Amino acid sequence: MDTTGIINERKIEELLNTGKQSSKIERLDVIEKAQDAQGLSLEDAAMLLEIEGEEEMNLLFEAAKVIKEKIYGKRIVVFTPLYTSNECQNNCLYCGFRVANKDLHRKTLCTSEIAHEAKAIENQGHKRILLVCGEDKKKTTIHHITEALQNIYQGTDIRRINVNAAPMSVEEFKKLKEVGIGTYQIFQETYHRETYKVMHPGGPKSNYDDRLHALGRAFEAGIDDFGIGVLFGLYDYRFDLLASLMHAEYMEENYSVGPHTISIPRLRPAMDSGLKETPYPITDEEFKKIVAVYRLALPYTGIILSTRESAELRDQLLSLGVSQISTGSKTSPGGNGKTDHEAQQFETSDERTLDEMVQVMCDQGHLPSFCTACYRKKRTGAAFMELAKDEHIHEFCEQNAILTLKENLLDYASDETVIKGEALINKALGEIRSSKIRSITRERLMEIENGKRDLYL
């Protein structure tokens, strides 16, 4: 299985070398051009990766904020992961779940335990879940995953379930499609083949090519929303960022759909890790640059920020292009009941609750969104891309964010959050340019106050 047509390492190195020769004027021209929200070429992105000075960095950050609001408005989608298993056949050096970790408390949740976890997550106020499954095909079978989705949908008010799981066959992906998967998420971790080989010394995940081709099989099965990501810190972030853009370019050229999301995890300490230190440390300022370059290069793509990062940095990144954020994350199976530190995949950093994060977003003027309307209205894949690229998706995003925030304030929020949330809703209503949409939104807010739920445009 040849993947050289997807990731061309020689070309990436050439682009990086050319980018190093770029001038300040050239980089500023790229930032200016990017604000049309039409995306960037790989050559443009390579130039922006060379930005270091405060003046250029600030212009880059401001452009990222402008583009994010132009596409998605002020809304920030909120979700949390649900780990169904930490049993794994792989030996990834950076992961606490690796098969060589003999001290990890191993567990795969049964259907009733998964349902209990989902209910606990719902009771926090969440409507979106990312189902994370350990990569042991004997434990987390396709039946395990599909049964989990069915039971969560049937037994809770969780409205969208995205899935992060090992590569599957076309037939397995078809089963996942049948039970209503949202986005299928799979990370290459690093696109640098030699580094990938070192980091994945055993197990099915050691097959670089099979993992890279998984999305093609997902599309063949009818799944059209996908998410990709890099574990920053394993290799040079410039290389991996460009490689992920090359992957996105390949998917769009061959399947007419780019990534629905890009995740930006940064390497964190893990129990019994095979790495004594981060191979390629990334500063907070470099991490901010990563977020901003992604936003300029792929304006239509949701950028996901995890609780790996500190509370302070996460608060800053909300204004630099991030459009989705996890809160209250537990990285062990059953973690929403009782946290077992000896069962975690990695250490989290931001431990704030959903309610606390909603307050932070309200304070900053962002609209916390629990919306799942696009998924239910079939605005996925190419249909979603068309709306996002034409800058029309925000016409749904902000209004639906207002409606779902209202639900959260009525059903789950603390008194302090209610005060801040109501003030934000009133401000957001005044900013809706269409009088017709503003009127519809007000009417639906009244319906929600009178007991109706799950209303959306």
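One residue is enough: does the range 75-89 have a residue meeting the conditions more than 25 Å from Arg211 (Cα to Cα), of a type outside the set (Gly, Ala, Ser) and without any contact (Cβ under 8 Å) to a residue 12 or more places away in the chain? Looking through the range 75-89, none of the residues is more than 25 Å from Arg211 (Cα to Cα), of a type outside the set (Gly, Ala, Ser) and without any contact (Cβ under 8 Å) to a residue 12 or more places away in the chain.
Would you confirm whether any residue within the range 408-425 is surrounded by 15 or more Cβ atoms within 10 Å (Cβ to Cβ), touching a strand residue (DSSP E or B) at 6+ places or on another chain (Cβ under 8 Å), of a type in the set (S, T, N, Q) and in a helix (DSSP H, G or I)? Yes, there is a match, as at least one residue in the range 408-425 is surrounded by 15 or more Cβ atoms within 10 Å (Cβ to Cβ), touching a strand residue (DSSP E or B) at 6+ places or on another chain (Cβ under 8 Å), of a type in the set (S, T, N, Q) and in a helix (DSSP H, G or I).
For every residue, the table says whether it meets (1) within 21 Å of the chain's Cα centre (by Cα); (2) in a loop (DSSP other than H, G, I, E, B); (3) under 30 Å from Thr372 (Cα atoms).
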residue	(1), (2), (3)
Asp29	no, no, no
Leu40	yes, yes, yes
Glu43	no, no, no
Met47	no, no, no
Glu55	no, no, no
Val77	yes, no, yes
Leu82	yes, no, yes
Arg98	no, yes, no
Lys102	no, yes, no
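Inspection of the range 112-121 finds a residue satisfying the criterion of being within 21 Å of the chain's Cα centre (by Cα) and either of a type in the set (S, T, N, Q) or farther than 25 Å from Phe173 by Cα (or both). Taking helices (runs of 4 or more DSSP H) as the structural unit, those lying wholly within the range 196-291 and holding at least 3 residues that are out of contact with any His (no Cβ under 6 Å at 6 or more places or on another chain) and farther than 16 Å from Ala166 by Cβ correspond to 237-255. Among the residues of the range 34-47, those identified as over 12 Å from Ala64 (Cα atoms) and not hydroxyl-bearing (Ser, Thr, Tyr) are Gln38, Leu40, Leu42, Glu43, Asp44, Ala45, Ala46, Met47. For Glu69, the requirement of being part of a helix (DSSP H, G or I) and more than 25 Å from the chain's Cα centre (by Cα) is not met.
Here's the yes/no breakdown for (1) in contact with a Cys (Cβ under 9 Å, 6 or more places away or on another chain); (2) at pLDDT 75 or above; (3) of a type outside the set (Ser, Thr, Tyr); (4) closer than 29 Å to Ala297 by Cβ:
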{"position": "Asp340", "(1), (2), (3), (4)": "no, no, yes, no"}
{"position": "Val358", "(1), (2), (3), (4)": "no, yes, yes, no"}
{"position": "Cys374", "(1), (2), (3), (4)": "yes, yes, yes, yes"}
{"position": "Ala382", "(1), (2), (3), (4)": "no, no, yes, yes"}
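Exactly one residue among Gly302, Gly328, Gly335 is surrounded by 16 or more Cβ atoms within 10 Å (Cβ to Cβ), under 16 Å from Thr80 (Cα atoms) and at pLDDT below 85, and that residue is Gly335.
The values are calculated or read from the model by the stated rules, or taken from the named source; none is laboratory data. All figures in this text were calculated on a predicted structure; none of them were measured in a lab. When we count neighbours, we look across all protein chains shown, and the Cβ atoms used for this are built from the backbone with ideal geometry, even at glycine.
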